[in-house]
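Novice: Have a look at this one.
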Amino acid sequence: MKQLILSSRPARFLAALMRRGEKGMATAEYAIGILLVVVIGGVLFKVISDGGFRDLIFELIKFLIGNIMKLF
């Protein structure tokens, strides 16, 4: 395997982190995952609680049911 020659200090630091493996990353990954779930949940709650979104979904359901009924 070809060894990379790293001249800058940040590049050497990142290379050392990559060689170290996955030690200590589980907690950070859980924190990022929880943060993303909370943000996505908040956005979904805001979008779904909006009256215009409910009307859009209702019209979509009516459209789909109407087209399905035309098939029979």
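Novice: Scan segment 16-24 and tell me whether some residue there is under 23 Å from the mean Cα position of the chain (by Cα) and either at pLDDT 70 or above or in a loop (DSSP other than H, G, I, E, B) (or both).
Specialist: Yes, segment 16-24 contains at least one residue that is under 23 Å from the mean Cα position of the chain (by Cα) and either at pLDDT 70 or above or in a loop (DSSP other than H, G, I, E, B) (or both).
Novice: Name the residues in segment 1-15 that are modelled with pLDDT of 70 or more and exposed (fewer than 10 other Cβ atoms within 10 Å of the Cβ), would you? Can you show your working first?
Specialist: Residues of segment 1-15 that are modelled with pLDDT of 70 or more, as a first pass: 8-15.
Of everything in segment 1-15, those that are modelled with pLDDT of 70 or more and exposed (fewer than 10 other Cβ atoms within 10 Å of the Cβ) turn out to be S8, R9, P10.
Novice: Enumerate the pairs (first residue in segment 51-65 and surrounded by 10 or more Cβ atoms within 10 Å (Cβ to Cβ) and assigned to a helix (DSSP H, G or I); second residue anywhere and at pLDDT below 95 and not polar (S, T, N, Q)) with beta-carbon separation below 7 Å, excluding pairs fewer than 6 apart on the same chain, so at least 6 apart or on different chains.
Specialist: From residues that are surrounded by 10 or more Cβ atoms within 10 Å (Cβ to Cβ) and assigned to a helix (DSSP H, G or I), the pairs are F53/V47.
The values are calculated or read from the model by the stated rules, or taken from the named source; none is laboratory data. Model, not experiment: these values are computed from the prediction. FYI the Cβ positions are ideal-geometry reconstructions off the backbone, even for glycines, and counts take in every protein chain you see.
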